[in-house]
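The values are calculated or read from the model by the stated rules, or taken from the named source; none is laboratory data. Keep in mind it's a predicted model, so treat the numbers as computed, not measured. Cβ coordinates were reconstructed from backbone atoms using ideal geometry, including for glycine residues, and neighbour counts include every protein chain displayed.
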Amino acid sequence: MTDTLNAPDPARLQDLAASLVKLAQDKGADAAEAALAESRSTELSVRDGQLEDIERSESIDAGIRVFVGQQQAGVGFSDLSAAGCEAAVERAIAMARAATEDPYTGLASPDQLVNQPPELKLFDETLWGPAELEAHAIAVEQAARAIEGVTMTDSAFASQGQGAAAHATSAGFNHGWRKSMFSYGASVIAEKDGAMERDYAATSARRPDMLRDLNEIGQEAGERTARRVGPQKMESGSYPVIFDRRIAATFLSAFAGAITGPAIARGVSFLRDKLDQPVFSDTVSIIDDPHRDWGHGSAPFDGEGLANQRSHLIEQGRLTGWLLNLSSARQLGLPPTGHARRAMGGPAGAGPTNIHLDAGPRSREDMITAIDDGVLLMEMFGPSLNSNTGDWSVGVSGYRIRKGVISEPVSEITVAGNLIDIFARLEPASDLKFWGASNAPSLFVDALSVGGL
């Protein structure tokens, strides 16, 4: 079913953003920008085939950032009444006048702004009603519970949402866009001889026909859970390790954080001296693609109104550049790269959109077959990273690999190393899937320190 009349309207948000910018200038700001975001979502959960909870949420949030000379301040708020907007603007201007000067702050100039942002496919008009949401959640749960060894449901869910956003500046920029999201999944429990384990599977997409099959998700949740029962500990040592694609994108997060302009400008990145140098092996490429239709992280322009585009962050192993917003670009004396990330009521940060690590030629199965004694990691817990040095450690669980075969489950272990060294030795498998904003295939490291017994 469809109901486009009730979907968040970016044109309405653009009008509100323009009125906030004008109000700020009328109140004495030299320049201003405003951002608004509206969302509506419904999520439903079931357990044992019965409806457990249904939640409908609606929100609209705004942010205003003002400039008085080289002084700036921002305020986030949700009261969009005339009195609420006036109070937020006045508060932001008072804060800016009390702030210290920042030589690198300021809006994009008119010649830097994108004139005609691309029209991306990010919004599907479909609406799932409560009955359809419940049917999806029950179907996933039934598929999971049909797996031998699965004894209980933690939760099975289905959700759908719609959102819109707008951004306007006193330099003449005013654009918006609309998006949708659909998802379902399940978390179940398996028990054997008094031992219990939990695992999950889920899928999300901007349109329903891009979701993975209901039965496939349920079966994956059940099989992952049943296989984890009865985990063992393992002795400490250096082992070949494979990171399953479900957790492999964690490395992309660490990499992206290390190449953001603010981190480089502050000198707090373990990659600060690696520009134009090999960071990964020459088989590795990492790409950021903001204009992918239906992408989870897609955006028609960056968080400061600049044009964004597909870029090779790592090309044949070599680091090609930083993720720069205007402030860090000015500080480093470099042109901005279109990687600003909008912060509601504050200065923009920097980061990727749809980032992925390209697949390699070797399958994960071939990698496993070649390992005599190693570990296949399936889950991470609380990674710790020293952003200055790259020293990294994380709690993990997964499976022992013995003579090329996945063997018993293992848990209560850690893996550790330095990301500069780990990046240089990562080998991507061939199983890349685009299932989120950050995607990587399974990743193989020939030797990594594993802490166990």
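Side notes on the structure shown:
- Consider the stretch 174-203 and keep the residues that are more than 25 Å from the chain's Cα centre (by Cα), in a strand (DSSP E or B) and small (Gly, Ala, Ser). The one that is surrounded by the most Cβ atoms within 10 Å (Cβ to Cβ) is 190.
- Helices (runs of 4 or more DSSP H) lying entirely in the stretch 231-333 (those with 2 or more residues that are surrounded by fewer than 19 Cβ atoms within 10 Å (Cβ to Cβ)): 250-258, 326-332
- Exactly one residue among 387, 363, 397, 393 is at pLDDT 95 or above, hydroxyl-bearing (Ser, Thr, Tyr) and touching a helix residue (DSSP H, G or I) at 6+ places or on another chain (Cβ under 8 Å), and that residue is 387.
- Qualifying residue in the stretch 397-416 (condition: buried (at least 18 other Cβ atoms within 10 Å of the Cβ), hydroxyl-bearing (Ser, Thr, Tyr) and in contact with a His (Cβ under 8 Å, 6 or more places away or on another chain)): no
- Scanning the stretch 41-57 for residues that are touching a residue at least 40 places away in the same chain (Cβ under 8 Å) and either of a type outside the set (D, E, K, R) or surrounded by 13 or more Cβ atoms within 10 Å (Cβ to Cβ) (or both) turns up 41, 42, 43, 44, 45, 46, 47, 49, 51, 52, 54.
- Selection of the stretch 420-435 for residues being touching a Phe, Trp or Tyr at 6+ places or on another chain (Cβ under 6 Å) and under 15 Å from residue 287 (Cα atoms) yields an empty set.
- Extreme residue, farthest from residue 166 (Cα to Cα), among residues of the stretch 36-57 that are under 28 Å from the mean Cα position of the chain (by Cα) and acidic (Asp, Glu): 53
- In the stretch 58-74, residue nearest to the chain's Cα centre (by Cα) [restricted to those that are surrounded by fewer than 22 Cβ atoms within 10 Å (Cβ to Cβ) and hydrophobic (A, V, I, L, M, F, W, C)]: 60
Listed here are the residues, each with its yes/no results for (1) within 30 Å of residue 206 (Cα to Cα); (2) assigned to a loop (DSSP other than H, G, I, E, B); (3) in the same structural domain as residue 245 (by TED's automatic domain parsing).
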| site | (1), (2), (3) |
| --- | --- |
| 401 | no, no, yes |
| 409 | no, no, yes |
| 414 | no, no, yes |
| 428 | yes, no, yes |
| 432 | yes, yes, yes |
| 441 | yes, yes, yes |
| 447 | no, no, yes |
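- Per-region count, the stretch 111-149, residues part of a helix (DSSP H, G or I) and either within 21 Å of residue 173 (Cα to Cα) or among the aliphatic types (A, V, I, L, M) (or both): 9
- Residue match in the stretch 204-218 (condition: farther than 30 Å from residue 270 by Cβ, part of a strand (DSSP E or B) and among the hydroxyl-bearing types (Ser, Thr, Tyr)): yes
- Subset of the stretch 1-59 that is at pLDDT below 95 and assigned to a helix (DSSP H, G or I) - its residue that is farthest from residue 157 (Cα to Cα): 5
- Complete set of residues in the stretch 74-110 that are farther than 15 Å from residue 170 by Cα, assigned to a strand (DSSP E or B) and in contact with a helix residue (DSSP H, G or I) (Cβ under 7 Å, 6 or more places away or on another chain): 75, 77
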